[in-house]
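What follows is a single structure, written as structure tokens, with notes after it.
The values are calculated or read from the model by the stated rules, or taken from the named source; none is laboratory data. Nothing here was measured: the structure is a model prediction, and the numbers come from that model. A quick note on method: Cβ atoms are made from the backbone with ideal geometry, for glycine too, and the neighbour counts reach across all protein chains shown. Side chains included, ligands, DNA and RNA excluded: accessible areas come from the protein's heavy atoms. Shrake-Rupley method; radii C 1.70, N 1.55, O 1.52, S 1.80 Å.
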Amino acid sequence: TPLKNIRNFSIVAHIDHGKSTLADRLIQMTGGLDLREMKAQVLDSMDIERERGITIKAQTVRLKYKAEDGEDYILNLIDTPGHVDFAYEVSRSMAAVEGSLLVVDASQGVEAQTLANVYHAIDANHEIVPVLNKVDLPAADVERVKTQIEDVIGIDASEALEISAKTGLGMESVLEAIVKRLPAPKGELNAPLKALLVDSWYDTYLGVVVLVRIIDGVMKKGQKIRMMASGAVYELDRVAVTTPKLVEVKELTPGELGVFTASIKEVADTNVGDTITEDKKPTDKALPGFRPAQPVVFCGLFPVDASDFDELRAAMGKLRLNDASFSFEMETSAALGFGFRCGFLGLLHLEIIQERLSREFDLDLIATAPSVVYEVEMTNGETQYLHNPADLPDVMKIAEIREPWIKATILTPDEYLGAILKLCQDRRGIQTNLSYVGQRAMVEYELPLNEVVFDFYDRLKSISKGYASFDYQLAEHRAGDLVKLSILVNAEPVDALSMLVHRTVAESRGRVMCEKLKELIPPHLFVIPIQAAIGGKIIARETVRAMRKDVTAKCYGGDATRKRKLLEKQKAGKKRMRQFGSVEIPQEAFIKALKMG
Ligand code: GTP
């Protein structure tokens, strides 16, 4: 296809503003699928994605469109993940196309996520076409939202399209705008192959499938390619485009988006952002901006039932096949038994993986409190990266602990502003800006990530009745007065409950944890002290009283079957109990204690 007849674009939108509905319409109008093949939502192909209303993996679809000018165009729509955790993937997807449709719900207006994603598009030098969706709704206020787009995002909205993806109103104008207002891609057909690795996934039948954007040169079957960051060489055994069905093609030329397979074993062998070139005739310069995926949040995942361990390992292996940014290694905990320490791109990523493990693999799991990655500078000058509070080195050897900070943007209706500022303040936030976007307040805060990983997002949603939107960017690590809070049951530290916290909140966190555990640990024949400590210093204490002896009498007497049943029940219960010295703690207690964060 000649460059002038190609248009590549992405759709930028806040959750629920209609990105998928619009994409489906475009596919339907350009005949990519017949109606029977049209599922309700084509692009969001995973169940969990559909239910949570988020798009996890970038996918792409090639549309054929005969424009009003009589020419045939190839339109490549690349679907980008909507959530902050996947910001790097978003930026790579954006780098693969020349323009964006900025979809804003005309009854809602600009949201935090709209902003974050549109900035990616602006960074990628995109031509941006504002599209006001849902104009069929009585609450739609086109003029107000246009002004918002101009004031907040700073782009001209005078020629914004006014559409309803649901009813189909104005959809032709979208296709025409893509052709007329977005630039054609550039590239050199005769230069050495240079392609951007945009995404990859594991397909049961095809193995690893790699999505690429051809910058220069030609990619075809049988060719030997080289991944420039990893140095790996592969022979292409299939080159195709997605419509969204996979359709094999002879070759991919500059400006095109397509996929290939090359007997690659694991998704982890393909790095998003890498440059692909021809092995024999390589390009001299890789594309800028490559960066390996780095987990940001860690937590322990343990099977509730110890006999599920092997199954859990297998399930994680399967998930990792498709998601190289999720990492795991074995971990043992005195409290929780055998499990895994897992790394994630962010909190949402963690939730998704956890949910898939329990839903798709039917596994009952306990997650320990999420931890960020700390930089621990030792007195001998070494720096350690710590993501498990249980591994904190001897404090005497530590010079400084640095924690990651984020820059957060929150948009909220005015009436919730006070409560939100208080929440941020309580979480050691530093306010950097406060402005208004129409009727809504936009606050910017710097916050320690470790204060956000607990329950910040849930709290924000609950105090704003769901109306506040939140987005963040990772900033730098900063030194902080951080201490390890240990929880001791009967004078024994419980590893799964230890955490790194700021000194100012250590006492209150410790007290809450002790109170909670007191309720959760059943009485024994002796008194059990529950303590919170920083180093050797006890900062909070509760006591589980001893039970009266005659309670055990119940276990005796009665007929034989009843007795056997009771014993069996006790045995089943035992599995769920953890022994701490002479104290037995029900697994339930940990789950509950960990849930409150
Ligand atoms: P995520 O996939 O969650 O990012 O959301 P999305 O932006 O893809 O939104 P989606 O297309 O799933 O639409 C969200 C809701 O808005 C759905 O219930 C749609 O039916 C509805 N919707 C989309 N477009 C329109 C529209 O033009 N008018 C009206 N009234 N509703 C719409």
**OP:** Could you please state, rounded to a whole Å, how far the C-alpha centre of segment 117-189 is from the C-alpha centre of segment 438-466?
**Re:** 28 Å
Subject >> Total charge dipole magnitude, the chain, about the Cα centre, Cβ charges on Lys, Arg, Asp, Glu only, Debye to nearest 20 >> reply: 2200 debye
Subject >> Förster-model FRET efficiency, 22 Å R0, Lys250 and Lys186, C-beta, rounded to 0.05 >> reply: 0.50
Original post:
Once label points are set 7 Å from the Cα along Cα→Cβ at both Ala314 and Ser230, what is their separation, rounded to one decimal in nm?
Top reply: 2.6 nm
Subject >> Selected from Ala540, His126, Leu102, residue furthest toward positive end of dipole (the chain; charges at beta carbon) >> reply: Ala540
**OP:** Read phi for every residue in segment 179-187 and hand back ³J(HN,Hα) as whole Hz from Karplus 6.51 cos²θ - 1.76 cosθ + 1.60, θ = phi - 60°, with x for Gly and Pro.
**Re:** 6, 7, 9, 8, x, 6, x, 10, x
Original post:
Each residue of segment 114-126 in turn: what ³J(HN,Hα) in whole Hz from Karplus with 6.51, -1.76, 1.60 and θ = phi - 60°, glycine and Pro shown as x?
Top reply: 4, 4, 4, 6, 5, 5, 4, 5, 5, 4, 8, 6, 6
Original post:
With each pseudo-label sitting 7 Å past Cα toward Cβ, what's the Glu507-Phe338 distance in nm, one decimal?
Top reply: 4.4 nm
Subject >> List Trp201, Trp405, ordered by accessible area with a 1.4 Å probe, largest first >> reply: Trp201, Trp405
Original post:
Accessible surface of Arg213 in the full protein assembly, 1.4 angstrom probe, to the nearest 10 Å²?
Top reply: 10 Å²
**OP:** Take the Cβ-Cβ distance between Thr432 and Tyr457 as r, set R0 to 22 Å, and report the resulting FRET efficiency rounded to the nearest 0.05.
**Re:** 0.65
**OP:** Working with all protein chains in place, sort Phe338, Phe260, Phe470 by solvent-accessible area computed with a 1.4 Å probe, largest first.
**Re:** Phe338, Phe470, Phe260
**OP:** Sort Val142, Val489 from largest to smallest accessible area, using a 1.4 Å probe on the heavy atoms of the protein chains.
**Re:** Val142, Val489
Original post:
Amide H to amide H, which residues 5 or more places from Tyr73 or on other chains are under 5 Å from it, using H placed in the peptide plane?
Top reply: Tyr65, Lys66, Ala67
**OP:** In debye, nearest 20, what is the charge dipole magnitude of segment 291-419 about its Cα centre with +1 on Lys and Arg Cβ and -1 on Asp and Glu Cβ, if you could check?
**Re:** 360 debye
**OP:** Give the long-range amide H neighbours of Ala475: residues separated by 5 or more places, or on another chain, with amide H under 5 Å away, using H modelled in the peptide plane at 1.01 Å from N.
**Re:** Trp405, Ile406, Lys407
Original post:
Gain in length, Glu71 to Lys397, computed as 0.36 nm per residue apart minus the alpha-carbon separation, to one decimal in nm?
Top reply: 110.3 nm
Subject >> Calculated Rg and Dmax of the chain using C-alpha coordinates, Å >> reply: 27.5, 92
Original post:
Angle between the Cα long axis of helix 309-322 and the longest principal axis of the chain, 0 to 90 degrees, nearest 10?
Top reply: 20 degrees
Original post:
For segment 353-367, in order, what is each residue's ³J(HN,Hα) by Karplus, 6.51 cos²θ - 1.76 cosθ + 1.60 with θ = phi - 60°, in whole Hz (x at glycine and Pro)?
Top reply: 4, 4, 5, 5, 4, 7, 7, 6, 10, 6, 10, 8, 10, 10, 10
Original post:
Which FRET efficiency value, to the nearest 0.05, is calculated for Met29 and Met378 with the Förster distance at 51 angstrom and r the Cβ-Cβ distance?
Top reply: 0.25
Original post:
What does the helix-only formula give at 222 nm for the chain: each DSSP H stretch with n ≥ 4 adding -39500 (n - 2.57), the total divided by the residues, and the result rounded to the nearest 500 deg cm²/dmol?
Top reply: -7500 deg cm²/dmol
Original post:
Which entries of Lys166/Lys220; Lys4/Lys285; Lys186/Lys318; Lys245/Lys461 show an alpha-carbon separation above 29 angstrom in the structure shown?
Top reply: Lys166/Lys220; Lys186/Lys318; Lys245/Lys461
Subject >> Sulfur and carbon atoms: percent of accessible area, the chain [1.4 Å] >> reply: 50 percent
Original post:
Rounded to the nearest whole Å², what accessible area per residue is found for the chain with the 1.4 Å probe?
Top reply: 46 Å²
**OP:** Can you find, among Gln223, Gly418, Val142, the residue farthest towards the positive end of the dipole of the chain? Put +1 on the C-beta of Lys and Arg, -1 on that of Asp and Glu.
**Re:** Gly418
Original post:
Where the only charges are on Cβ atoms (+1 Lys, Arg; -1 Asp, Glu), what is the dipole of segment 327-387 about its Cα centre, to the nearest 20 debye?
Top reply: 80 debye
